[in-house]
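Read the figures in this text as sums done on the coordinates, not as results from a lab. None of these values were measured; they are calculated from a predicted model. Note: ideal-geometry Cβ built from the backbone for every residue, glycine included; neighbour counts use all protein chains shown.
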C-alpha cells in the first residue's frame with residue numbers, strides 16, 4: 001500500500017481528477033452504488049475504472 005501511483009492507463013475520469021476540477025455532479029453519478037475503493041485516496045466508486053488503485057469492497 002506504500003505505492004500511491006495510478007495503476008491505470010489514462011487518468012481522466014478518475015474521481016481524484018474530477019474532484020480537483022470541482023466536477024461534483026459527475027462524481028455523484030459515479031458513486032451511487034460503490035463496489036470498489038481506491039488504495040490511494042480512499043474514495044469509493046461503482047466502477048474500478050474511476051479509481052487509480054482500486055480494490056473490491058467485498059472480497
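Some points to look at:
- Along principal axes, Cα extents of the chain, largest first, whole Å: 29, 23, 17
- Peptides 40-46, 9-15, 50-56, 19-25 ranked from most to least packed by the mean count of surrounding Cβ atoms within 10 Å: 50-56, 40-46, 9-15, 19-25.
- Net length gained if the chain between residue 21 and residue 55 were fully extended (0.36 nm per residue, minus Cα distance): 9.8 nm
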